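Each remark here refers to the structure printed beneath this line.
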Amino acid sequence: SWVEVRDRNGDVIFSQLNPAGSQSEINGKPPFTLVIGNASYVTLLYKGKNVDLSKRSKDDVVRLTLE
């Protein structure tokens, strides 16, 4: 899955293609803007809670902002 994360300044703080089974921890200043490709295979935790990506997916790409 491909993931891009931008911080509150719009700076890209994470952008990479992630292999199956991989995990990444990202730190920065919210709000975060995310674009996640192949989203049906991604599990996202934010502040220790699961974020449901299924309701936001269009063509298996998710675009969302986390406060």
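The values are calculated or read from the model by the stated rules, or taken from the named source; none is laboratory data. Only a predicted model underlies this, so the values are computations on that prediction, with no experimental measurement involved. Here Cβ is always computed from backbone atoms with ideal geometry, including for glycine, and neighbour counts include all displayed protein chains. Accessible surface areas use protein heavy atoms only, side chains included; no ligands, DNA or RNA. Shrake-Rupley method; radii C 1.70, N 1.55, O 1.52, S 1.80 Å.
Quick look at the values:
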item	result
Residue selected from segment 5-34 under the condition part of a strand (DSSP E or B) and touching a Ser or Thr at 6+ places or on another chain (Cβ under 9 Å), by the criterion surrounded by the fewest Cβ atoms within 10 Å (Cβ to Cβ)	L17
Every residue from segment 35-67 that is open to solvent by 40 Å² or more (accessible area, probe 1.4 Å) and of a type in the set (G, A, S)	S40, G48, S54, S57
Residue check for R56: under 10 Å from the mean Cα position of the chain (by Cα) and of a type in the set (D, E, K, R)	no
